[in-house]
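The block underneath contains the structure these notes are about, expressed in structure tokens.
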Amino acid sequence: MGKLVIDGGERISGEICVQGAKNAVLPILAATVMADGISVIQNCPKLRDVDKTTLVLERLGSKVVRDGNTVTVDTRDMYDCEICEDLMREMRSSIIFLGAIISRCKKAVVSMPGGCPIGLRPIDLHLKALRQMGVEIREEHGYIKCYASKLTGGNIHLDFPSVGATENIMLAAVCADGTTTISNAAREPEIVDLGNFLNKMGARVSGVGTSVITIEGVKKLQSVEYTIMPDRIVAATYLAASAITGGEICLTKVNPQDMGAMLHVLSEMGVRLRCEKDRITQLAPKRLKSIHTVRTMPYPGFPTDIQSPFMSLAAMAKGTSVFIENIFENRFQHVDELTRMGADIKVEGRSAVVRGVNSLEGANVVARELRGGAALVVAALAASGTTVITGTEFIDRGYENIEKYLSDCGAKIRRG
Ligand code: EPZ
């Protein structure tokens, strides 16, 4: 397991150009298989999850070339429609290939994605919607075998605005017969990016960003070039990294309008923000104020993915904060590790009560999942002394070159 070694106490100040969005590029890379040709994806972050997604593309028979933040995918010789178990287990979000493969091949075999550290991660909403579109699905021996003589559009209502289910339905619907309407659809900005990509390919998707998405089936899609949106969760993580140290930071290539709920919480905690078209400048006070209550919700509510990094902020803020995690059932694993650093946090079910302390101490801590690992980095930057974080494999899934971005802003951080 890789390590990050951080000597805390430095003010994190400077300028960061924010990476492309992991949760936009993964479904967009999957969507490239729906056209025969060469797709060029720009602003693709260098992440372990992207590595695994490109591996899936290659196992399906596509040719992938990566050049810095540009990924070229040639799907003309794609020959397979099965994603093997080891890859599915390595990255459960590969389930997003299901809709794309069925759309192209009218059949698909994937293994049950299984849970992950933050929760069970069921896919019942995905399968229910695909069955409604005419997909025969057999779940046997841990595999999901899908077959559709044709895909038929229809009115699909999601019991929960699931991001992945919304994306899978969009991918299955773009070349289906007739029109598909998704009600109670997820409204995340990454869904908008996927919709924009599909429309550039020649699809007819409307309503993305609202809870009703309409997709008119078309005959054929073209491979295109596309630039991925900025990563709003990574952007907010860097704002937190600077805020916990009383620093001043400027983020470029960001979309402030995608970050309203997160920026609101930061302002309530006492930072001063200036937002322009694609830049955010933040000046933090010496010590942040607590935030009364933070509830994670589907977009445009407060994102579950930033809950743990912001809990690190609250751990050192003046006063008591309450976090309620409504999206995933096991997303407080960073609490034990923050407690080892001196935080005062009590978890009761889906709620965590955080009483701010004056200081945190460096310690040996373990990252058990992606965003919880980021939370430990944020805390370590402000802790007195040295923190060794084990489990960088999790952090590298979502943060490109985190030690470089932070050390360029004054952090004493290195790979151990
Ligand atoms: C996406 O996961 C993101 N991942 C997650 O980011 C993010 O936390 C999540 O959306 C919520 O915003 C990617 O985009 C690759 P969901 P996804 O389907 O699609 C339940 C990160 O750190 N549910 O919206 O899996 C589910 O159990 C990751 O970058 C069902 O019950 O999220 C959960 O409680 C973590 N049945 C809730 O919905 C289903 O069929 C939200 O899940 C599907 C979901």
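Centroid-to-centroid, using Cα positions, region 276-323 and region 89-126 are 31 Å apart. Between the amide H of R279 and those of V254, distances stay under 5 Å, these residues lying 5 or more places away or on another chain, with hydrogens modeled in the peptide plane. Under the combined filter of DSSP loop state and at most 14 neighbouring Cβ atoms within 10 Å, region 219-262 retains these trypsin sites (Lys or Arg not before Pro): K219, K220.
Among the lysines of region 35-159, pairs that are 8 or more positions apart or on different chains and have alpha carbons within less than 22 Å of each other number 14.
Note on K289: aspartates and glutamates with a C-alpha under 13 Å away, same-chain residues under 8 apart excluded, are E268. 3J(HN,Hα) along region 169-185: 5, 4, 5, 6, 8, 4, 10, 7, 6, x, 10, 10, 10, 10, 9, 6, 6 Hz, from the Karplus curve 6.51 cos²θ - 1.76 cosθ + 1.60 with θ = phi - 60°, whole Hz, x for Gly and Pro. An oblate overall shape is assigned to region 322-416, the ratio a/c of its alpha-carbon gyration tensor axes (a ≥ b ≥ c) being 1.5 or greater and a/b not exceeding b/c.
Distant-in-sequence amide contacts of F302, defined by a placed amide H-H separation under 5 Å and a gap of 5 or more residues or a different chain, comprise M297. Using a Förster distance of 35 angstrom, determine the FRET efficiency expected from the C-beta separation of E136 and N364, and round it to 0.05. That gives a FRET efficiency of 0.10. A straight line joining the Cα centroids of region 1-34 and region 182-257 runs 15 Å. This model, with +1 at the C-beta of Lys and Arg and -1 at the C-beta of Asp and Glu, gives region 302-358 a dipole about its Cα centre of some 200 debye.
Using C-alpha pairs below 8 Å separated by at least 6 residues, the relative contact order for the chain is 21 percent. In the chain, the longest principal axis of the Cα atoms and the axis of helix 232-243 are about 0 degrees apart. In a reduced charge model with +1 at each Lys and Arg Cβ and -1 at each Asp and Glu Cβ, the chain shows a dipole moment near 480 debye about its Cα centre. Among V388, V65, a tally of other beta-carbon atoms within 10 Å of each Cβ gives an order, fewest to most, of V65, V388. Computed about its Cα centre, the charge dipole of region 108-193 is approximately 180 debye, with only Lys, Arg, Asp and Glu carrying charge at their Cβ. Fewest-first ordering of D408, D7, D231 by other beta carbons within 10 Å of each residue's beta carbon gives D408, D7, D231.
For the chain, C17, C44, C84, C116, C146, C175, C250, C275, C409 have no disulfide-compatible partner, since no other Cys C-beta lies under 4.7 Å from theirs. Computed from backbone phi with θ = phi - 60° and the Karplus coefficients 6.51, -1.76 and 1.60, the 3J(HN,Hα) list for region 56-71 is 4, 4, 5, 5, 7, x, 7, 9, 10, 10, 10, 9, x, 9, 10, 10 Hz; x is used for glycine and proline.
Taking all Cα pairs closer than 8 Å and separated by 6 or more residues, the relative contact order of region 1-59 comes to 39 percent. In the chain, a dipole from Cβ-located charges (positive for Lys and Arg, negative for Asp and Glu) runs towards its positive end, and of V271, F394, M316 it is V271 whose Cα lies farthest in that direction.
Overall shape: rounded for region 258-416, with the ratio a/c of the largest to smallest alpha carbon gyration tensor axis below 1.5. Using θ = phi - 60° in the Karplus curve 6.51 cos²θ - 1.76 cosθ + 1.60, the 3J(HN,Hα) couplings for region 155-165 round to 9, 10, 10, 8, 5, 9, x, 5, 4, x, 5 Hz; x is entered for Gly and Pro. Residues whose amide H comes within less than 5 Å of that of R331, counting only those at least five positions distant or on another chain, are absent (H built at 1.01 Å from N in the peptide plane). The length gained on full extension between S206 and H264, counted as 0.36 nm times the residue separation minus their Cα-Cα distance, comes to 18.0 nm.
Since every read-out is calculated from the coordinates, none of them should be taken as a lab result. Remember, it's a predicted structure, so these values are computed and weren't measured experimentally. We place every Cβ from the backbone using ideal geometry, glycine too, and count neighbours over all the protein chains shown.
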